[in-house]
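The values are calculated or read from the model by the stated rules, or taken from the named source; none is laboratory data. What you are looking at is a predicted structure, and each value in this text was computed from that prediction instead of being measured. Here the Cβ positions follow ideal geometry from the backbone for every residue, glycine too, while neighbour counts run over all protein chains shown.
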């Protein structure tokens with residue numbers, strides 16, 4: 001999920017989280033509004049991608065989370081900004097997911113719809129935006145972003161990449177990578193989640209399937 005793209009960030013310690021954060025912030029900096037349409041599993045890098053978008057609409061039974069915190073540190077530290085301190089702390093310390101409805105309630109997403117209605121609902125929002133002059137839409141996108149940046153969002157996300165770099169050197173990360181080499185990625189993820197009984201080891205309700213062997217599988221529009 002992004003490993004195949006070229007790096008434009010400075011090399012050295014922490015290059016990967018800097019690369020990821022700058023990539024998602026490039027969506028933030030686009031003049032054109034970007035809408036995320038999420039159903040099924042939206043985990044780890046998938047949740048980062050959705051969060052980088054300007055508007056997020058989800059299926060009610062979508063599953064959003066960052067299970068990778070069970071062995072490492074996120075690349076992009078957005079949770080406290082969009083979920084508030086308490087719920088962000090719970091997700092960071094457990095790796096638990098939330099449903100689409102919960103994502104809306106907490107402020108991570110704009111609205112949730114039944115999965116079968118999601119396509120048309122998102123298209124309706126896009127049509128409404130298209131009814132406004134382009135130059136006004138571009139300026140009003142910046143109205144919101146500029147205030148968030150004055151509060152420190154961009155600076156905070158960049159500073160968080162240092163913690164991700166530290167996480168790479170932990171014993172937990174070394175053990176997880178060793179398990180990948182011996183049992184494969186799917187086996188390592190199963191062992192990670194079995195004590196919690198969720199994700200690929202449980203029966204969480206979800207509007208989609210994660211059949212790729214990778215947990216970063218968002219659906220965006």
Being farther than 23 Å from residue 156 by Cβ and part of a helix (DSSP H, G or I) is the filter here, so list the residues in the stretch 95-121 that pass it. 100, 101, 102, 104, 105, 115, 116, 117, 118, 119, 120, 121
Selection status of residue 148, in a helix (DSSP H, G or I) and more than 24 Å from residue 56 (Cβ to Cβ): no
Residue under question is residue 180, and the condition is that it be in a loop (DSSP other than H, G, I, E, B) and more than 19 Å from residue 62 (Cα to Cα); does it hold? no
Those residues that are part of a helix (DSSP H, G or I) and more than 24 Å from residue 169 (Cα to Cα), I need them from the stretch 50-73; list them, please. 50, 51, 52
In the stretch 14-36, what residues are in a strand (DSSP E or B) and surrounded by fewer than 24 Cβ atoms within 10 Å (Cβ to Cβ)? 35
The stretch 183-201, residues that are assigned to a loop (DSSP other than H, G, I, E, B) and surrounded by 13 or more Cβ atoms within 10 Å (Cβ to Cβ): 194, 196, 198
Selection count, the stretch 107-133, where residues are surrounded by fewer than 18 Cβ atoms within 10 Å (Cβ to Cβ) and either under 30 Å from residue 198 (Cβ atoms) or touching a residue at least 60 places away in the same chain (Cβ under 8 Å) (or both): 11
Would it be correct to say that residue 149 is modelled with pLDDT of 95 or more, loosely packed, with under 15 Cβ neighbours inside 10 Å and on the phi < 0 side of the Ramachandran plot? no
Hits in the stretch 167-176 - residues which are loosely packed, with under 14 Cβ neighbours inside 10 Å and not in a loop (DSSP other than H, G, I, E, B): 171, 172, 174, 175
Would you pick out the residues in the stretch 74-94 that are surrounded by fewer than 21 Cβ atoms within 10 Å (Cβ to Cβ) and in a loop (DSSP other than H, G, I, E, B)? 84
Considering only the stretch 57-72, state which residues are more than 22 Å from residue 116 (Cα to Cα) and surrounded by fewer than 22 Cβ atoms within 10 Å (Cβ to Cβ). 68, 69, 70, 71, 72
Return the pair list, or none, for Cβ contacts closer than 6 Å from residues in the stretch 134-160 that are more than 19 Å from residue 14 (Cα to Cα) to residues that are exposed (fewer than 13 other Cβ atoms within 10 Å of the Cβ), at least 6 apart or on different chains. 138/31
